[in-house]
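Each value in this text was obtained by applying a stated rule to the coordinates, not by laboratory testing. Keep in mind the model is a prediction, meaning the values are calculated, not measured. Heads up, the Cβs are rebuilt from the backbone with ideal geometry, glycines too, and the neighbour counts pull from every protein chain shown.
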């Protein structure tokens, strides 16, 4: 850390004196450190490595355009750290709502968050189903909701396979009518 | 753009940095801001010779001390705050002491006189002028300070904005004092310090938005 501070500061001072190659060497060394820092910080809040690269570039630009601010009598590492921290908080504030690259875990989280919506529609369907005749309801529940085959459904319900088929067919038609009626009732309201 | 390409591109525009360019630019911005405040005062109120004649000499000195003190301590803070990783506790403490000290002095002067005279001390001269004009005159210096601070690298935008507002308010108060005689210390404590603190509050509110870089 101390050796690094001495080296980085020497490069910075040389760059301030107009040495372009020292400045490039400085930015290259800083980019490695900054990338590691941002990846680490972003991982903690579940954001991806693409953003770390953007932030690294933004911070390098900030260091370059504010190099006249650096006080040669001060330590260099805290100066860079303060800029990196500022760029990070500014970036997070800017991108609060947008999600740029999601990890798989996050996608799954998002999907599971949407589950309550699915539950609602299911409850709706359940309410409609209660308005169907028992035979139709039972056939639809077994075939369409639980995903059984016609033969399995027949075995489970004690109906003949052809009766199951007919019940499902009629039941779906009846449901469609119910849904339509419900929809127009909504519009009337 | 790849990061390495970016670095090469940045490396092609390396210039020698000499002296303390930011400090010089800051002083220029402050002077421009003060000039704007005086111009605004001249346009709105007009300078009056009576301001200097009628002002109580001791109170006038105190006004100058307060304005110059806040501007000096505030500038010292802002120069540090605009530079990342630089501790700015000392000028901030000085600034708080200055403002609190002034408010206390005003309160003490108020308590020292007979209760019947208190209202006259506070509401004597047209105080609404100070209340309205100090924030108005502070707009110019505030814009100048924000402009220069954005060229720096402030990292705590709220406190930087608050102090920028405070300094701008003090400059505005200085301009206001050129028009209107400052009657008494409590008057100074209430109708000068109050609007100046209001400017600081506005600066704190605006800071995070206008100072982003």
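So how long is each side of the stretch A:2-97 along the principal axes, counting just the alpha-carbon atoms, biggest first, in Å?
Principal-axis extents of the stretch A:2-97 (Cα, largest first): 42, 23, 21 Å.
Quick check: the angle from helix B:57-81's long axis to the longest principal axis of chain B, C-alpha only, nearest 10 degrees?
With rounding to tens, the tilt is 20 degrees.
Picking from B:70, B:171, B:96, which is most flexible by a Gaussian network model of chain B using Cα springs under 10 Å?
Looking only at B:70, B:171, B:96, the biggest GNM fluctuation is shown by B:96.
Return the tail of the calculated pair distribution for the protein assembly as shown, meaning the percent of Cα-Cα pairs more than 38 Å apart.
Beyond 38 Å sits 50 percent of the P(r) for the protein assembly as shown.
How big is the gap, in Å, between the Cα center of the stretch B:1-48 and the Cα center of the stretch B:63-117?
25 Å
Running a GNM on chain B with Cα contacts under 10 Å, which residue among B:178, B:97, B:131 ends up with the highest mean-square fluctuation?
B:97
If I take all pairs of Cα atoms in the stretch A:54-99, what percentage of them are more than 18 Å from each other?
Counting every Cα pair in the stretch A:54-99, those more than 18 Å apart make up 32 percent.
Assuming 0.36 nm per residue, please report the length gained on full extension of the stretch residue A:65 to residue A:81 beyond their Cα-Cα distance.
4.2 nm
Can you tell me, using C-alpha contacts under 8 Å and at least 6 residues apart, the relative contact order of the stretch A:2-97 as a whole percent?
Relative contact order here is 29 percent.
Label points 7 Å out from Cα along the Cβ direction at residue A:125 and residue B:90: separation in nm?
Here the answer is 7.3 nm between the modelled labels.
Within a 10 angstrom radius of the beta carbon, how do A:177, A:172 rank from fewest other beta carbons to most?
Sorted ascending by nearby Cβ count, the order is A:177, A:172.
With N denoting the number of residues in chain B, provide Rg(C-alpha) divided by 2.2 N^0.38 Å, to two decimal places.
Compactness ratio reported: 1.17.
Using alpha carbons only, how many degrees (0 to 90, rounded to 10) separate the axis of helix B:21-44 from the longest principal axis of chain B?
Compared with the principal axis, the helix lies near 40 degrees.
Based solely on its DSSP helices, what 222 nm [θ] is calculated for chain B when runs of n ≥ 4 H residues each add -39,500 (n - 2.57) and the sum is averaged over all residues, nearest 500 deg cm²/dmol?
Mean residue ellipticity at 222 nm (helix-derived): -25500 deg cm²/dmol.
Quick check: the angle from helix B:127-151's long axis to the longest principal axis of chain B, C-alpha only, nearest 10 degrees?
Value to nearest ten degrees: 10.
Taking other Cβ within 10 Å of each residue's Cβ, how do A:96, A:165, B:80, A:173 sort, fewest first?
With the sparsest Cβ surroundings first, the list reads A:96, A:173, A:165, B:80.
Could you line up A:137, B:20 from fewest to most neighbouring Cβ atoms inside 10 Å?
Listing A:137, B:20 from fewest to most nearby Cβ atoms yields B:20, A:137.
If you average over every viewing direction, what projected area does the convex hull of the Cα atoms of the stretch B:6-87 give, in nm²?
If I average the Cα hull's projected area over directions, I get 9.3 nm².
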